[in-house]
Amino acid sequence: MGRNPYHPQPTDEDSSSASETDTLLAGVGYTVRSSDLLHVADRLEKLDSTIIAAVATGVLPEFLCSSAVHYNPSDLASWIDSLLTEVPPRSSPSMWTDAICLPPPSSFSIDAHRLGEEEDAGIHLVHLLMTCADSIQREDHVLARSLIDEMRLLLPLIGVGYGIGKVSIFFLDALDRRISFLPQPTKSVLEDEILYSHFYEACPNLKFAHFTANQAILEAFNGCDPVHVIDLSLMHGLQWPALIQALALRPGGPPALRLTGIGPHTPKVGVRLAELARSVGVPFTFHAVAAGRLDSVRVKPGEAVAINSVLQLHLLLSETGPIDSVLTLIRELRPKILTVVEQEADHNKPAFLDRFTEALFYYSTLFDSLAASGGGRVDGGCSAAAEVYLQQEICNIVCCEGSERVERHEPMVRWRVRLGRAGFEPMRLGSNAFRQASMLLKLFSSEGYAVEEVEGCLSLSWHGRSLISASAWRARADSAVAPHACHRYIVL
């Protein structure tokens, strides 16, 4: 079986040259004069890039097809040069090394201790992803394409079942789609809801969102009857069974609950929630509203209103998005509380490279937490579906622009400014919400999760990196608007 030419086998060397030989490299089987280190490193990098380019074109140099064993030569630089002569000449000036050889980033230095060993493929892959995003921002799609080809060859060296290898597949696919001008794959409403439910089961993120928002709503409804919850995205209605059961246990008896669900949802959601409410003695009515028709929601006299937005408001932040109009409509409904849960990320930056960089590190953290929290609790199919749910977000952030790019996550500090400008003031999430969230984390085996309080908001973090933040708001007394001043069609 042939040996890898990057790993020559050691032989005995002439003792007269021993004093010039780098002793650290000699210890791992390489004979290289100390004065030749930089020269040899330059040759190795050129050989590496040339081999990758040759393999990408399907024209393999002879030494890759041969079963010959390459032993460690006395002159490593000359040996590498001889291998380079076996690589067929390029067919065009833009091919192979012109497109693929990149100046190494300043943060990568040649380390004599590691010379001749395999480069850290994971770090190299991240570097290539960043370089590819930069080339796309500069509209150099030829370079971007060659980098994508190089990354596809690099992935098998890393492994795609975990870590950076797994998340890189999704970013690589999104970059490929972007330069190929392919649209983001679409899924039906039912498929989206199924993926959402799998993500709900696979990690604590959505449970944290629901439990924290429910506790804040429950406290805001204290002593109120009837009560009205307006959910800006109902879907499976996974959030509301817990609230119904909590209202059933309220001292003095449960209030009459009206739930308005906006947007697409499973037809039987209202029926299931009604059956649950009836079984625990909560008077309940359900009202469905089509997506985009927040303006059609009506509040009855005497109702205490809570408006719930979980991972929804960021969808309205495009250049022509209706975020200001929606916040005005929400404020007009005069809710006792507005609960807002959003990803703690900044994926709405105007520069593509900045947005890509933030997304790469955010989703790497999210995939790490998903792998840890899913271990032993969810089956492989559920975990894989949760990853597809996140893949859709990654593809939208990287592949799409303009009104098609809807995953415009922003950190809580920016939502604080926007909501304050819209006439809302923060409500501190109490100690009960903190305890609820902390108890939730005990259901997950991993110790990497933590709940943090920041200026009255709660954040779920993984090893110190915030993933998702929950907050509560109410309309300021001085922010009243004329009734029905902004009724219009709104896309949610």
Across the range 446-469, what is the total count of residues that are in a strand (DSSP E or B) and either surrounded by fewer than 15 Cβ atoms within 10 Å (Cβ to Cβ) or of a type in the set (Val, Ile, Thr) (or both)?
5
Residue count for the range 220-235, restricted to those that are open to solvent by less than 40 Å² (accessible area, probe 1.4 Å) and over 19 Å from LEU333 (Cα atoms)
1
Please tell me if PRO350 is in a loop (DSSP other than H, G, I, E, B), touching a strand residue (DSSP E or B) at 6+ places or on another chain (Cβ under 6 Å) and either surrounded by 18 or more Cβ atoms within 10 Å (Cβ to Cβ) or of a type outside the set (A, V, I, L, M, F, W, C) (or both).
no
Looking at ASN396, ASN432 in this structure, which one is open to solvent by 30 Å² or more (accessible area, probe 1.4 Å) and assigned to a helix (DSSP H, G or I)?
ASN432
Going by the conditions given, is ALA345 crowded, with 18+ Cβ neighbours inside 10 Å and outside any helix (DSSP H, G or I)?
yes
Is there any pair linking a residue in the range 142-161 that is farther than 14 Å from HIS124 by Cβ to one that is outside any helix (DSSP H, G or I) and open to solvent by 20 Å² or more (accessible area, probe 1.4 Å), with Cβ under 8 Å and at least six apart or on different chains, and which?
VAL142/SER94
Pick from the range 132-179 the residues that are of a type in the set (Ser, Thr, Tyr) and buried (at least 17 other Cβ atoms within 10 Å of the Cβ): which of them is farthest from the chain's Cα centre (by Cα)?
SER146
Scanning for something surrounded by 17 or more Cβ atoms within 10 Å (Cβ to Cβ), outside any helix (DSSP H, G or I) and acidic (Asp, Glu), does the range 313-320 turn up at least one residue?
no
Matching residues, the range 435-445, being open to solvent by 60 Å² or more (accessible area, probe 1.4 Å) and assigned to a helix (DSSP H, G or I)
ARG435, GLN436, MET439
Please give the number of the condition ALA202 fails out of (1) in contact with a Cys (Cβ under 7 Å, 6 or more places away or on another chain); (2) surrounded by fewer than 18 Cβ atoms within 10 Å (Cβ to Cβ).
(2)
Looking at VAL305, VAL340, VAL297, VAL282, can you tell me which residue is open to solvent by less than 30 Å² (accessible area, probe 1.4 Å), touching a Ser or Thr at 6+ places or on another chain (Cβ under 6 Å) and modelled with pLDDT of 95 or more?
VAL340
Out of (1) crowded, with 23+ Cβ neighbours inside 10 Å; (2) modelled with pLDDT under 90, the one LEU257 does not meet is (2)
Pick from the range 306-353, criterion β-branched (Val, Ile, Thr) and within 22 Å of the chain's Cα centre (by Cα), ranking: nearest to GLY263 (Cα to Cα):
VAL310
Qualifying residues in the range 401-425 (those that are outside any helix (DSSP H, G or I) and more than 15 Å from the chain's Cα centre (by Cα)) - the one surrounded by the fewest Cβ atoms within 10 Å (Cβ to Cβ):
GLU401
Residue selected from the range 180-199 under the condition among the charged types (D, E, K, R) and in contact with a strand residue (DSSP E or B) (Cβ under 9 Å, 6 or more places away or on another chain), by the criterion least open to solvent (accessible area, probe 1.4 Å):
GLU193
Is it the case that the range 367-388 has a residue that's of a type in the set (D, E, K, R), at pLDDT 95 or above and in a helix (DSSP H, G or I)?
no
Taking the range 236-254, which residues are hydrophobic (A, V, I, L, M, F, W, C), open to solvent by 30 Å² or more (accessible area, probe 1.4 Å) and farther than 20 Å from VAL341 by Cβ?
LEU249
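The values are calculated or read from the model by the stated rules, or taken from the named source; none is laboratory data. Model, not experiment: these values are computed from the prediction. Every residue, glycine as well, gets a Cβ built from its backbone with ideal geometry; the counts of neighbours run over all protein chains shown. Surface accessibility is based on the protein's heavy atoms, side chains included, excluding ligands, DNA and RNA. Shrake-Rupley method; radii C 1.70, N 1.55, O 1.52, S 1.80 Å.
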